[in-house]
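Reviewing the structure listed below.
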Amino acid sequence: MTQRRSYAVGTGLFIVLGFAALAYLATQTTSLVNVRHGDSYTLKARFTNIGQLKDRAPVKLAGVRIGSVQSIQLEPQKLDALVTLSIDKRFNQIPEDSSASVLTSGLLGDQYIGIQPGGSPDSFKNGDEVILTQSAVQLEDLIGKFLVNGSPGDKDKKKP
Amino acid sequence: MNARVKRRNLVVEGLAQIGDAGLFLPTLLAAMPRSLRYFREIVRQIWFTGAMSLIIIMTCGLFVGMVLALQLYHVLEIFGGTASTGTVVALSVYRELGPVVTALLFAGRAGTSITAEIGLMRATDQLSAMEMMAVDPVAYVVTPRFIAGIIAMPLLCCVFSAMAIFGGHLVGVTWLGIDNGTFWSNMTSNVEVWKDVIDGVIWKGLAFGTVVTLISVHQGYTTPPTSEGVAYATTRTVVASSIAILALDFVLTAFMM
Amino acid sequence: MTDAIASPDSAPTGDALVRVRGLTTRFSGRTVFDGLDLDIPRGKITAIMGPSGTGKTTLLKHITGQTPADAGELLVDGEDVAKLSREGLFKLRERVGYLFQNSALLTDFDVFENVAFPLRQHTRLPEELIRDIVLNKLQAVGLRGASRLMPSELSGGMARRVALARAIVFDPMLILYDEPFVGLDPIALNQVLKLIRTLNETLGITSVLVAHELAAIQQIADRVVLIANGKVVASGDPKEIANDGSPWTRQFFGGEPDGPVPFHYPAGDYAAELGLGETA
Ligand SMILES: Nc1ncnc2c1ncn2[C@@H]1O[C@H](COP(=O)(O)OP(=O)(O)OP(=O)(O)O)[C@@H](O)[C@H]1O
Ligand SMILES: [Mg+2]
């Protein structure tokens, strides 16, 4: 009898452990982390080219994550990409002349929105638009420029 | 038993066994409602197949995560993408390595013991004795192990994956010095709950658990009642399960893409 | 071969618990039973004897419906075993105890739980009552003290007695013993003999006993049936059967290597198989 009960207890613990692991994986290692954040406010920004930017990509200021991309739409008249950013309420001191740019982490990493703070005493409010934006740097464009201007890299290559 | 003749084409034999195991499924399903009466037995079998496999699953999960982080870090370094180490560890573990390695370990640890146990019960007339005591051995012995395996496998996959993430973090952040915040934020912005965690860990885990335990109980139940028969049946459990896991993994992945 | 024996079964047919008519069984071409007729009277101890491999175990398995026969009729307590549904068969088996040739204890459980197993499966008795019944049966086989041992910790004889306790835990109407005396020391053998007789006398349990020990059988059996070559070749009182004068009984009880029962399993010519056929 006592033997049986210990199986039941052990099995119960095992199942709890399994579900705890699942809960951990689902909530702490996935995009649920970003969806779950509490209060936030939105900003808008227009880009002529967003590159590979995706929904829920991080928004960073000085390398620290302060929010995420909520949605990406095409503005039919202006033929611009309208990106809605969701910024954590804690970061409500961002100067309203700050600029936003689409950046890449590493050479081939994911793209994110970087905010470069300006100097205005006024801060962004909910629904404001970020006027100063810089579009994604396209790798193809870079390579194109590189080919047209001759290859400055040749010198480097011969060094070793 | 001309076991020696059969041993030559273990792979062909393994494939045939997978088919036979499939034919065993209706018998199991038919016995399923009756075995709900043996709830205690199911609990006991979850303990034996699941909880008793925890140590090996956790150890292997930790090392898989560690070696993945180590390898990926050095590859990603070439492209300046070490920040993605955590992401790639998580994605490869959730989608492939977690379910597949767990299932292979499960077949070796729990599957073989299920086969040997049922085979020995057959060889020592314990199954006939149950029949004689008006207890259906399929409902009492076979299905509870089957159900337990199906429940235990996804849970083991979760534990394995969590340990792998832990191992990846240990090597990536603690040892190789990736920034902790970068490691997590990169991972959390690229890993999806449904597409990666649920599809990979849970659905694949369930599918592999079903196939491995089905093969294991079938091998045990139909083994020739001799010590050689039981020994050979455990070997076939491992071979047939491994083939089934890897083939099914390909099919499932193709469907999930 | 069989015409030497008169009246294969002259047993009382009036109140037979088990009634076998024209039973025929083949295993992969080899005939085990060839029109077997047999009656097992209610409330009596019937011993079944016969050379090794004649199908004594197979007969018991037919009676319990574990292996179906190919043809013939087999009634247990008026029910045709071959026609019973799975549920019907299970109902019947709850009233039949079976002692396996190799005990077949459940290795997962200790002695107590093994004996309690049928009770737990088929009843909702309170724990105290189960305890009382199990200890009572274990006391009857002299193993109450061993109730917490695991089957692997038992000797062969002890395991047999535990299996016996398990077979009688439901006070069945019929108990089938497959070679219950093998491997028992003389003391244990006498205990088991006494037990079988007590069960038979006090509870009126019909017993079928497959055994080779004529001396033991003579002490308790009411009737002996000798099976050979797929048929009942002799039957009668255990004290007299050895001297009934037929060649079957003379060979079997006299232990003569040659006679109507061949020592060898059917085989081709030995010399030919050794390759001596051509040279000789
Ligand atoms: N499942 C089976 N498949 C094929 N042949 C079988 C099967 N079971 C029994 N036999 C054959 O039937 C014959 C009778 O077997 P059985 O076990 O009934 O003999 P037995 O009279 O109990 O012998 P023993 O005294 O040695 O226990 C044997 O020749 C055996 O080879
Ligand atoms: Mg036998």
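The table below lists the values:
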item: Only one of A:Ala45, A:Ala81 that is over 24 Å from B:Asp179 (Cβ atoms) and in contact with a Lys or Arg (Cβ under 9 Å, 6 or more places away or on another chain); result: A:Ala81
item: Residue list for the stretch C:214-235, filter: farther than 13 Å from C:Leu59 by Cα and either assigned to a strand (DSSP E or B) or without any contact (Cβ under 8 Å) to a residue 24 or more places away in the chain (or both); result: C:Ala215, C:Gln218, C:Arg223, C:Val224, C:Val233, C:Ala234, C:Ser235
item: Selection within the stretch A:50-67 - surrounded by fewer than 18 Cβ atoms within 10 Å (Cβ to Cβ), touching a residue at least 24 places away in the same chain (Cβ under 8 Å) and within 8 Å of chain B (Cβ to nearest Cβ); result: A:Arg56
item: Lone unmet requirement of (1) at pLDDT 80 or above; (2) small (Gly, Ala, Ser); (3) farther than 24 Å from B:Ala129 by Cβ for C:Ala271; result: (1)
item: The stretch B:152-179, residues that are more than 8 Å from chain A (Cβ to nearest Cβ) and of a type in the set (Val, Ile, Thr); result: B:Val171, B:Val173, B:Thr174, B:Ile178
item: Some residue of the stretch C:233-246 being within 16 Å of ligand 1 (Cβ to nearest atom) and among the acidic types (Asp, Glu); result: no
item: Residues of the stretch C:52-80 that turn out to be closer than 20 Å to C:Ala167 by Cα and either part of a loop (DSSP other than H, G, I, E, B) or more than 10 Å from ligand 1 (Cβ to nearest atom) (or both), as a count; result: 7
item: Residues satisfying the stated conditions in the stretch B:85-114, i.e. among the hydroxyl-bearing types (Ser, Thr, Tyr) and in contact with a Gly (Cβ under 6 Å, 6 or more places away or on another chain); result: B:Thr85, B:Tyr94
item: C:Ala163, sole failed condition from (1) of a type outside the set (Phe, Trp, Tyr); (2) in a helix (DSSP H, G or I); (3) over 19 Å from C:Ser207 (Cα atoms); result: (3)
item: Candidate set: the stretch C:97-117, residues that are assigned to a loop (DSSP other than H, G, I, E, B) and in contact (Cβ under 8 Å) with a residue 60 or more places away in the chain; chosen: the one nearest to the other protein chains (Cβ to nearest Cβ); result: C:Phe100
item: Matching residues, the stretch C:39-51, being away from ligand 1 (no atom under 14 Å from the Cβ) and either of a type in the set (D, E, K, R) or in contact with an Asp or Glu (Cβ under 9 Å, 6 or more places away or on another chain) (or both); result: C:Asp39, C:Pro41, C:Arg42, C:Gly43, C:Lys44, C:Ile45, C:Thr46
item: Filtered residue count, the stretch C:157-183, keeping only those that are touching a residue at least 40 places away in the same chain (Cβ under 8 Å) and farther than 20 Å from B:Met130 by Cα; result: 1
item: Counted residues, the stretch C:98-114 - those being at pLDDT 90 or above and either surrounded by fewer than 18 Cβ atoms within 10 Å (Cβ to Cβ) or more than 16 Å from ligand 2 (Cβ to nearest atom) (or both); result: 9
item: Filtered residue count, the stretch C:201-217, keeping only those that are out of contact with any helix residue (DSSP H, G or I) (no Cβ under 8 Å at 6 or more places or on another chain) and polar (S, T, N, Q); result: 1
item: Residue check for C:Gln66: within 14 Å of chain B (Cβ to nearest Cβ), within 16 Å of C:Leu174 (Cα to Cα) and surrounded by fewer than 18 Cβ atoms within 10 Å (Cβ to Cβ); result: yes
item: Number of positions in the stretch C:208-228 that are away from ligand 2 (no atom under 16 Å from the Cβ) and closer than 22 Å to C:Gly22 by Cα; result: 2
item: Hits in the stretch C:47-71 - residues which are touching a Ser or Thr at 6+ places or on another chain (Cβ under 8 Å) and more than 16 Å from ligand 2 (Cβ to nearest atom); result: C:Ala69, C:Asp70, C:Ala71
item: Selection count, the stretch C:118-145, where residues are in a loop (DSSP other than H, G, I, E, B) and either over 21 Å from C:Leu189 (Cα atoms) or not aliphatic (A, V, I, L, M) (or both); result: 5
item: Which numbered condition A:Ala21 fails, given (1) at pLDDT 90 or above; (2) farther than 29 Å from B:Tyr94 by Cα; (3) surrounded by 18 or more Cβ atoms within 10 Å (Cβ to Cβ); (4) not hydroxyl-bearing (Ser, Thr, Tyr); result: (2)
item: Those residues of the stretch C:185-213 which are within 16 Å of ligand 1 (Cβ to nearest atom) and either in a strand (DSSP E or B) or farther than 20 Å from C:Thr58 by Cβ (or both), in sequence order; result: C:Val208, C:Leu209, C:Val210, C:Glu213
item: The stretch C:72-96, subset within 11 Å of another protein chain (Cβ to nearest Cβ) and touching a residue at least 12 places away in the same chain (Cβ under 8 Å), residue nearest to ligand 2 (Cβ to nearest atom); result: C:Val96
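The values are calculated or read from the model by the stated rules, or taken from the named source; none is laboratory data. These numbers come from a predicted model, not from an experiment. Methodologically, a virtual Cβ is constructed for each residue, glycine included, from the backbone with ideal geometry; neighbour enumeration extends over all protein chains shown.
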